[in-house]
Structures are given as C-alpha cells and as structure tokens.
Amino acid sequence: MNIVKSLTGTTLLSGVIFLTACTTFASPAANSNAVKQTATNTVEFQQIRNATIKLDYDGTTFLVDPMLAPKNAYPGFEGTVNSNIRYPMVDLPMPVAEVLKADAIILTHLHADHWDDAARNLVPRDMPIFTQDEADAAIVRKDGFTNVRALTDQGVVFKGVIIHKTIGQHGTDEMYKVPELAQSLGKTMGLVFQKPNYKTVYVAGDTIWDKEVEEALTRYKPDVVILNTGYAKLTTFVNDSIIMGKDDVYRAYKFSPNAQIVNVHMDTVNHATLTRAELRRFIEEKHLDKQRALVPNDGEYYKF
C-alpha cells in the first residue's frame with residue numbers, strides 16, 4: 001500500500017495563468033473574543049468542488065484547497081476504497097481562470113485532493129499562499145512560489161481579515177498507531193476567519209470529530225461551520241473514516257445550535273463514501289432545519 005505516493009500525486013499539467021495579487025500581512029490587533037460581535041455585513045461562500053471553496057469578506061477573496069484538474073485526471077488513491085475510480089469524478093463547475101480569481105490561497109494540507117499538480121502549475125507564482133506550518137511552506141516554496149507564509153493559532157491578518165489556524169486529526173487514533181498511515185495521513189489544520197462586523201466562519205478541514213474540533217467550536221463560537229463530510233475510507237479501516245460523515249453533521253448541528261453547518265468534500269474523489277444525496281436524506285430523516293444544515297452543489301453561492 002503506497003498511500004504516501006498516492007496522496008502526494010505525480011501527474012503534471014502544463015500551462016500557467018497569471019493574475020496579480022496584493023499582499024498585506026500583520027499580526028492581529030485584538031484577540032478572537034474581541035473581534036466577535038454582532039455581524040452587520042455579509043460573508044460570501046462559494047462551493048467550487050470537493051474541499052475547494054471560496055470565502056469573500058468585503059471584496060477580499062480566499063481560495064481554500066484548490067484542486068484544479070479536469071475530470072478523471074488522476075488514478076484513485078491507493079490504499080483507499082474504490083481506488084479503481086479515477087478522480088476528480090466531476091469537472092469544475094466554472095473555468096479555472098474564474099476559480100483563480102482570489103486574493104490569497106490557503107492550503108489546509110498538501111494531499112493531492114487539496115493541492116494537486118494542476119494547481120501547482122496554474123496558480124501564479126506570486127500569489128499569497130498560507131500553509132499550516134513551515135514544513136508545508138518550504139515544500140510550496142520549492143515549487144517556485146515566492147509569497148508563502150505559515151498560519152498560527154494566534155492568527156494572521158490579511159487585508160483586515162484575521163485567519164486563525166486550528167488543529168485537525170486526519171484519521172482515528174488507531175490509524176495513527178500504524179507508522180505508514182501516520183506518515184501518509186500527516187498533519188492538517190482547520191481555519192477560523194474573523195473580521196469586525198462580519199460573521200465568524202470555521203472551516204474544519206480534513207479531520208474527524210474530536211476534542212480539538214469541540215475546542216474550536218467552543219472558543220470561537222462560529223456563525224458558520226464548514227465541514228468536510230465525505231466520510232473517506234481506507235481499505236484497512238473500513239469501519240472508520242479519515243474525515244467526518246453524516247453523524248458528525250448531526251453532532252455539529254447540536255453542538256453549535258446557533259451556527260449554520262455547510263457540508264462539502266463529497267461526490268468528487270474515489271474514497272469519499274457519503275454522497276450529497278445520502279446526506280440530504282439524513283438531514284430530512286433527522287428533521288434538521290435545512291436553512292441550517294446546508295449541502296451545496298458545485299458552483300453554488302451562499303451569503304451569510
């Protein structure tokens with residue numbers, strides 16, 4: 001089982017699209033609780049595909065975890081279920097040039113379904129990019145990117161928006177006891193976005209539900225919670241998942257009763273076993289408010 005190679009990715013696509021971006025880095029002037037207040041302005045969200053999303057705060061647009069290859073570009077992930085299925089299973093809902101209209105990119109981690117070979121070739125080399133730590137930043141810089149910075153849990157300010165790093169766990173404790181799996185699953189982060197007079201958004205990233213997720217929900221009290229809920233599975237731990245699933249949607253809905261729960265990372269990669277259709281049926285069966293438990297289609301916009 002060569003999950004390390006599979007998750008890293010090897011296929012290269014040619015071509016470069018050049019965009020301009022202006023970078024503003026600073027340290028947060030206030031702590032997270034001081035920023036939290038009644039929101040009077042709108043945060044815009046767009047589901048692109050899989051875990052690739054956009055968030056817009058007053059014209060500042062963040063592109064999270066870009067996977068930009070066309071349909072069927074890559075073989076399925078080795079060591080995962082349904083590895084005979086190529087991914088992405090669907091095309092992007094818009095041209096790549098539209099996806100890349102952003103002020104900064106954030107990479108929660110460097111697995112190939114979050115930062116693929118196509119993105120590494122198509123993203124402008126001077127685009128501001130944030131990573132989870134200096135190790136990931138060094139890897140991104142080796143590909144020629146010149147404006148890369150690691151996030152911290154204390155937060156970094158970009159054009160007036162505070163971005164906090166939170167901790168994720170990309171699989172169960174039992175998975176991480178297997179050295180090869182621990183290496184391939186690696187570290188990952190979540191994100192909290194804050195700006196005065198805007199709603200707080202928590203992007204959990206590739207993680208299972210654990211105490212770190214609960215701590216982030218308790219600490220930041222987000223108005224919007226974005227979960228990766230495709231319930232992706234390995235062949236060696238078929239009863240568990242390396243990311244969240246429908247039961248975690250229910251947990252988040254109950255744990256944060258004032259938040260809207262947006263669910264992504266479905267219907268795109270071979271090992272994601274929960275579909276949007278199944279999750280929507282679950283939401284109906286549990287009688288969850290469909291204005292709070294959201295399942296966007298690719299390309300769909302929400303305003304919060």
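The values are calculated or read from the model by the stated rules, or taken from the named source; none is laboratory data. It should be emphasised that the depicted structure is a prediction, and the values quoted were computed from it without experimental measurement. Don't worry about glycine lacking a Cβ; one is built from the backbone with ideal geometry, like all the others, and counts go over all protein chains shown. Surface areas here come from the heavy atoms of the whole protein model, side chains and all, with no ligands, DNA or RNA. Shrake-Rupley method; radii C 1.70, N 1.55, O 1.52, S 1.80 Å.
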Residue in the stretch 148-156 that is at pLDDT 95 or above and polar (S, T, N, Q) present: no
Tally, over the stretch 245-278, of residues that are closer than 21 Å to residue 214 by Cβ, among the aliphatic types (A, V, I, L, M) and in a helix (DSSP H, G or I): 2
Residues of the stretch 201-221 satisfying the condition of being polar (S, T, N, Q) and over 22 Å from residue 50 (Cα atoms): 218
Any hit, the stretch 34-57, residues being within 16 Å of residue 228 (Cβ to Cβ), at pLDDT 95 or above, under 20 Å from the mean Cα position of the chain (by Cα) and assigned to a loop (DSSP other than H, G, I, E, B): yes
Residues (open to solvent by less than 10 Å² (accessible area, probe 1.4 Å) and under 14 Å from residue 94 (Cβ atoms)) located in the stretch 37-49: 47, 48, 49
Which listed residue, of 191, 217, 227, is modelled with pLDDT of 95 or more, open to solvent by less than 30 Å² (accessible area, probe 1.4 Å) and assigned to a helix (DSSP H, G or I): 217
Residue among 268, 229 that alone is touching a Pro at 6+ places or on another chain (Cβ under 6 Å) and over 23 Å from residue 136 (Cα atoms): 268
Flag for residue 14 being modelled with pLDDT under 95, open to solvent by 10 Å² or more (accessible area, probe 1.4 Å) and more than 21 Å from the chain's Cα centre (by Cα): yes
Index of the failed condition, residue 111 passing every other in (1) surrounded by fewer than 23 Cβ atoms within 10 Å (Cβ to Cβ); (2) in a loop (DSSP other than H, G, I, E, B): (1)
Filtered residues of the stretch 129-166 (kept if touching a residue at least 40 places away in the same chain (Cβ under 8 Å), open to solvent by 20 Å² or more (accessible area, probe 1.4 Å) and not basic (Lys, Arg)): 133, 147, 154, 157, 160
Any hit, the stretch 261-269, residues being open to solvent by 50 Å² or more (accessible area, probe 1.4 Å) and on the phi < 0 side of the Ramachandran plot: no
Hits in the stretch 63-90 - residues which are of a type in the set (D, E, K, R) and either touching an Asp or Glu at 6+ places or on another chain (Cβ under 9 Å) or surrounded by 23 or more Cβ atoms within 10 Å (Cβ to Cβ) (or both): 65, 71
In the stretch 235-248, the residues that are touching a residue at least 40 places away in the same chain (Cβ under 8 Å), surrounded by fewer than 23 Cβ atoms within 10 Å (Cβ to Cβ) and under 18 Å from residue 168 (Cα atoms): 240
